[in-house]
Amino acid sequence: MSRTTLGRRLIDALQRVNDRHPWSHNDAFHPWITTRLPARRGTALDVGCGRGELLALLAQHFDLIRGIDVDADMRRVSAARCAGLSNVTVESLTLDAVPPGADLVTMIAVLHHLDLEPALEQVRRILNPGGRFLCVGLARPDSVADHAWDLASMATNPIIGYVRHPWPAEQTSDAAAPFPVRDPTLTFAQLRAAVEHVLPGAAMQRHLGFRHTIAWTKPPGASLSSVE
């Protein structure tokens, strides 16, 4: 048996396990966000709010939650999920149309859909001093470290799925609106260079689940004009 055939069989076997014990790589990072919230909790902005799961969580911690998404199906699902939450609004806005004044800006699997540096500059503009940017993202694997993390994610994916979803999933059709999907084009190193330029001092970290995180707190006196 060739190494290629063996690798293909291994991938297929892992996929069968994943299908039986599915888990959301994005939702798994909600605790990472909720344990890093800023001290001031007036307004939070979730960019690309998707199905509204994070909006509903943040509604427990902030006075006002704004979810924005350019996809009409995502807005509809988010609005339905948060219909009973008076402090949540879901809007059809682009990032550059959002007024400043947020204490938190979140993105989960969204940044690679956007023009990177302009999006980071808008985050910097929108945040209040002391406000926090918490981002969960994807990157194109390129370096040895990138591929090592992807292999580790592939190997642990079914284990995490079994722990989080121990009972085999029933094969049912999912009526929920599908997430818009786009493969990342920038590498972790390219992202880090842009983040360091626009949001100096931001912390970036690779994680299992084919994800990385970005955490940045806007310092007092920081402004968009200070980016050179």
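You will find that of Ser173, Ser226, the residue that is more than 18 Å from the chain's Cα centre (by Cα), open to solvent by 70 Å² or more (accessible area, probe 1.4 Å), at pLDDT below 90 and farther than 22 Å from Leu45 by Cα is Ser173 and no other. Each residue in region 63-75 was checked for being open to solvent by less than 10 Å² (accessible area, probe 1.4 Å) and either in a loop (DSSP other than H, G, I, E, B) or not hydrophobic (A, V, I, L, M, F, W, C) (or both), and 1 of them qualify. Yes or no: region 5-25 includes at least one residue that is part of a helix (DSSP H, G or I), modelled with pLDDT of 90 or more, open to solvent by 20 Å² or more (accessible area, probe 1.4 Å) and of a type outside the set (Lys, Arg). No. Answer yes or no as to whether Pro100 is touching a residue at least 40 places away in the same chain (Cβ under 8 Å), closer than 27 Å to Met204 by Cβ and assigned to a loop (DSSP other than H, G, I, E, B). The answer is no for Pro100. Close Cβ contacts (under 6 Å, 6 or more residues apart or on different chains) running from residues in region 58-80 that are more than 13 Å from Gly48 (Cβ to Cβ) to residues that are in a helix (DSSP H, G or I) comprise Ile65/Leu55; Ile65/Leu58. Going by what's in this entry, would Ile33 be described as touching a residue at least 60 places away in the same chain (Cβ under 8 Å), within 25 Å of Asp115 (Cβ to Cβ) and of a type in the set (Val, Ile, Thr)? So Ile33 fits the description; yes. Screening the candidates Glu91, Glu53 for the property of being among the charged types (D, E, K, R) and under 30 Å from Thr156 (Cβ atoms) yields one hit, Glu53. On the basis of being buried (at least 24 other Cβ atoms within 10 Å of the Cβ), touching a strand residue (DSSP E or B) at 6+ places or on another chain (Cβ under 6 Å) and assigned to a helix (DSSP H, G or I), does Val123 make the cut? So Val123 passes the test.
When Gly131, Gly137 are screened for being open to solvent by less than 50 Å² (accessible area, probe 1.4 Å), closer than 30 Å to Gly101 by Cβ, modelled with pLDDT of 85 or more and touching a His at 6+ places or on another chain (Cβ under 9 Å), only Gly137 passes. The listed residues are Asp150, Asp183, and the only one of them that is open to solvent by 60 Å² or more (accessible area, probe 1.4 Å) and at pLDDT 85 or above turns out to be Asp183.
The values are calculated or read from the model by the stated rules, or taken from the named source; none is laboratory data. Computed from a prediction, not measured in an experiment: that's the story for all the values here. Every residue, glycine as well, gets a Cβ built from its backbone with ideal geometry; the counts of neighbours run over all protein chains shown. Areas reflect the complete protein model, heavy atoms only, side chains present, ligands, DNA and RNA absent. Shrake-Rupley method; radii C 1.70, N 1.55, O 1.52, S 1.80 Å.
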